[in-house]
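Novice: Here it is: the structure, laid out below.
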Amino acid sequence: MTVTLSFDEAHTLVARILETNGCSPRNATVIATTVIAAERDGAGSHGLFRMPGYVATLKSGWLDGKAVPKVRDAGPGLVAVDANNGFAQVALADGRDLVTTKAGRHQEEIPKFVFLFLVSLWTVPGAVTP
């Protein structure tokens, strides 16, 4: 049987599944946003396809679905984020504001710290715009 969901409905379902399996509501929302954005953008290998792995990882205790990342300003061209044994998507989301601020102040440093951040951050195209 095929079920068709809107992106909003799919987002709600994904977040609920993640919460049911151990994510905090905030972390579940961040991950659901990334999963649904990947689906929307045609990158299914980073979308719903990943959900069984995310759920298995939560159930096994391999990572902490309630983890709160620690963001640190580590220098003029560096933002360090410790995911605290949580999901990378949450760590990237938490570091985004500082990266954006630093990009505005240190445009010459952008290539040193933004490339990996933007490659990994599906949900905010143009999040760091000089």
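Novice: Want the number for R26 to L98: 0.36 nm per residue separation, take away the alpha-carbon distance, what's left?
Specialist: 24.0 nm
Novice: Per residue of the stretch 59-71, what does 6.51 cos²θ - 1.76 cosθ + 1.60 with θ = phi - 60° give for ³J(HN,Hα)? Whole Hz please, x for Gly and Pro, Karplus curve as stated.
Specialist: Whole-Hz 3J(HN,Hα) from phi for the stretch 59-71: 5, 6, x, 4, 9, 9, x, 10, 4, 10, x, 10, 9.
Novice: Restricting to DSSP loop positions (anything but H, G, I, E, B) with no more than 11 other Cβ atoms inside 10 Å of their own Cβ, which chymotrypsin sites (Phe, Trp or Tyr not before Pro) remain in the stretch 41-83?
Specialist: Working: sites: F49, Y54, W62; in loops: W62.
The qualifying sites are W62.
Novice: Between K66 and T4, what is the FRET efficiency for a Förster distance of 35 Å, r being their Cβ-Cβ separation, to the nearest 0.05?
Specialist: Result of the calculation: an efficiency of 0.65.
Novice: Can you give me the orientation-averaged projected area of the convex hull built on the Cα atoms of the stretch 7-60, in nm²?
Specialist: Across all orientations, the stretch 7-60 yields a mean hull projection of 3.1 nm².
Read the figures in this text as sums done on the coordinates, not as results from a lab. All figures in this text were calculated on a predicted structure; none of them were measured in a lab. For neighbour counting, all protein chains shown are included, and Cβ atoms are generated from backbone atoms with ideal geometry for every residue, glycine included.
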